[in-house]
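Comments concern the structure below.
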Ligand code: IPM
Ligand code: MN
């Protein structure tokens, strides 16, 4: 298969982790006889520094002309206090909106090899397998905003249309059909009108999926349940802001936020991104965990039906975790293992899966 991939490394640790994802993809291409070509473009703080724009037109055009987008991370503390002005995050929000990437899918699993790394108890998290469907182009992130110039007032409006709810809900129910057939809608329907619209629309639409059990949970309770009994969840469906928060919380189950990949999909385009941020303190130190980026590449391959290829990457990742070939966020090991070394091990495993030295 031939795939044209737009690579948007972004800021902070983005370039380091994305480079490891590409190493893994190159190993797959060689091993399975595919042709992956990459074109790089700027987004976020680096794009602001070069052009004044967090999402330059060329970047958007490149993404539209590619089969898939591999994204690193954005954000730079030097823009933290940029009041109302241009900010790196606008690049990511704009690309999501422009490409209509309305569904962000975040799988959360407890890796057997890391179960004791998690601050949560083994018996609570063993076997956790959750798929979070986070709405990505609506809600409070994209509603009308207002800030009074004198600094006395600001507002962000939360809005949803029925159509915005339905298109992601269908994806969540379809996913549940291929899993344990349960959807939990996380909302705040005891307070918010938008949440009540979500409940109404999702309840109606659930009738088309009679095999799927639909449950409702208020977001405050869901935050508690995620820690108390995460195994109860199969597919979680939720709006933009709740999904942002609950998925960072869920990352604790896996032992590190550096492990969680995601895909943002719309009708036409797909962007693959780790859920973590740009971790500026770690930039250039070789301590960033590349697994989330590498697993995002595995999701990319799966998206194009390359299941065996994707499985090979996942197997390589699991092997690296089992052998402790991991970055320091997963516990300090006797030997310092860098971002790039983890990437090398994974690429190497993909090229020689039978190599007995690794058993
Ligand atoms: C994420 C990030 C983004 C978000 C930021 C960087 C805008 O936290 O992808 O989860 O809030 O969506
Ligand atoms: Mn987030």
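Bear in mind that the values in this text are calculations on the coordinates, not laboratory data. What you see is a predicted model, and the numbers here were worked out from it, not measured in a lab. A quick note on method: Cβ atoms are made from the backbone with ideal geometry, for glycine too, and the neighbour counts reach across all protein chains shown.
Taking the centroid of alpha carbons for each part, segment 51-128 and segment 185-235 are 24 Å apart.
DSSP bridge analysis restricted to the chain gives an antiparallel fraction near 35%, rounded to the nearest 5.
From least to most packed, judged by other beta carbons within 10 angstrom and beginning with the fewest, 135, 166 follow the order 166, 135. For the chain, the 222 nm mean residue ellipticity estimated from helices alone, with every DSSP H stretch of n ≥ 4 adding -39500 (n - 2.57) and the total spread over all residues, rounds to -12500 deg cm²/dmol.
Residue ranges 302-313, 339-350 sort as 339-350, 302-313 when ordered by packing (mean number of other C-beta atoms within 10 Å per residue, highest first). Note on segment 261-339: the C-alpha convex hull projects to 5.9 nm² when averaged across all orientations. Pairwise Cα distances in segment 29-134 exceed 24 Å in 49 percent of cases. Highest average first, the peptides 217-228, 44-55 ordered by how many other beta carbon atoms sit within 10 Å of their residues are 44-55, 217-228. Which log10 I(q)/I(0) values, to two decimals, does segment 166-271 give at q = 0.09, 0.11, 0.14, 0.18 Å⁻¹ under the Debye formula with one point per Cα? Each listed q corresponds, in turn, to -0.23, -0.34, -0.57, -0.96.
Considering every alpha-carbon pair of segment 53-198, the percent of pairs per 10 Å bin, from zero through the bin containing the longest distance, is 9, 26, 32, 26, 7, 0.
What the Cα convex hull of the chain gives, in volume per residue, is 143 Å³. When Rg and Dmax are taken over the Cα atoms of segment 116-199, they come to 17.8, 53 Å. Taking each residue as 0.36 nm, the span from residue 61 to residue 32 lengthens on full extension beyond its C-alpha to C-alpha distance by 7.5 nm. Could you tell me whether segment 80-145 comes out rounded, prolate or oblate from its Cα gyration tensor? Rule is a ≥ b ≥ c as square roots of the eigenvalues, rounded for a/c under 1.5, then prolate if a/b exceeds b/c, otherwise oblate. In terms of gyration-tensor shape, prolate.
A Stokes-Einstein calculation at 25 °C with viscosity 0.890 mPa s, built on the Kirkwood radius of segment 208-358 over Cα pairs, returns a diffusion coefficient of 141 µm²/s. For segment 1-89, taking the reciprocal of the average inverse distance between every pair of different Cα atoms yields a Kirkwood hydrodynamic radius of 13.8 Å. Eigenvalues of the alpha-carbon gyration tensor of segment 203-262, scaled by 5 and square-rooted, set the equivalent ellipsoid semi-axes at 23, 13, 12 angstrom, largest first.
Dividing the Cα radius of gyration of segment 165-205 by 2.2 N^0.38 Å, with N the residue count, gives 1.19. Net length available on complete extension from residue 336 to residue 147 is 63.3 nm, with 0.36 nm assigned per residue and the Cα-Cα distance removed.
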